[in-house]
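Shown next, in structure tokens, is the structure this report addresses.
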Amino acid sequence: AEWENMSTTGTVEPDPSFMEPQSVLQTAVRAAGNDTTLTYVWWNYNRLFSFMVFLHFADFQNTQIRQFDMYFNGNRLNEKPYSPPYLAASCVYSSGWYRTGDAKYNITLKATAASALPPMLNGIEIYTRINLDSQMTFPKDCEL
């Protein structure tokens, strides 16, 4: 398996901007075994769609360094190495909408050399937008 499940019974402080449910914040996945990369892949063959991602984090331990870089289709999401806060939620999200030509989308979390622990992820939100390359309404259809 590429992922291992993690959980805590401790209370995790939600991010006031997102107010994630405790059931999401108290569970997570991490890269399995000695793997240093956690990847989530999905396919979308409709070229009209573009995507924005929100990644939710809360670490369950504070004794070892967990530090990683995040990428959405190869575009870096964080400016500097990221460490999830201990028992407190945080969110990192894409700065814009992404669309790819090959229908493959991926989120990659890669541990830094300083990290003693593999990357982890509590939740993912993926939002879809339909990009219309041409107008669907004619001006004469919008008479007031």
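The values are calculated or read from the model by the stated rules, or taken from the named source; none is laboratory data. Keep in mind that what you see is a predicted model, and the values were worked out from it rather than measured. Using ideal geometry, Cβ is built from the backbone for each residue, glycine included, and neighbour counts are taken over all protein chains shown. Areas reflect the complete protein model, heavy atoms only, side chains present, ligands, DNA and RNA absent. Shrake-Rupley method; radii C 1.70, N 1.55, O 1.52, S 1.80 Å.
For every other residue with a beta carbon closer than 12 angstrom to the beta carbon of residue 118, add +1 if it is Lys or Arg and -1 if Asp or Glu, then tell me the sum.
Taking every other residue near residue 118 into account, the sum is -1.
For residue 126 and residue 62 in the same chain, what is the full-extension length gain: residue separation times 0.36 nm, less their Cα-Cα distance, in nm?
20.2 nm
Quick one: Cα convex hull volume of the chain, Å³ per residue? Walk me through the intermediate numbers first.
Numbers: hull volume 21.6 nm³, N = 144.
Hull volume normalised by residue count: 150 Å³.
Who wins for biggest fluctuation among 52, 19, 120 in a Gaussian network model of the chain, springs between alpha carbons below 10 Å?
The residue that fluctuates most here is 19.
Where only protein heavy atoms count, and the probe is 1.4 Å, what is the accessible area per residue for the chain in Å²?
On the way: 8720 Å² over 144 residues.
In whole numbers, the chain has 61 Å² accessible per residue.
Evaluate the charge dipole of the chain about its Cα centre and quote only its size in Debye, nearest 20, assuming +1 on the Cβ of each Lys and Arg and -1 on the Cβ of each Asp and Glu.
On the way: 10 positive and 14 negative charges, 63 e Å.
About 300 debye.
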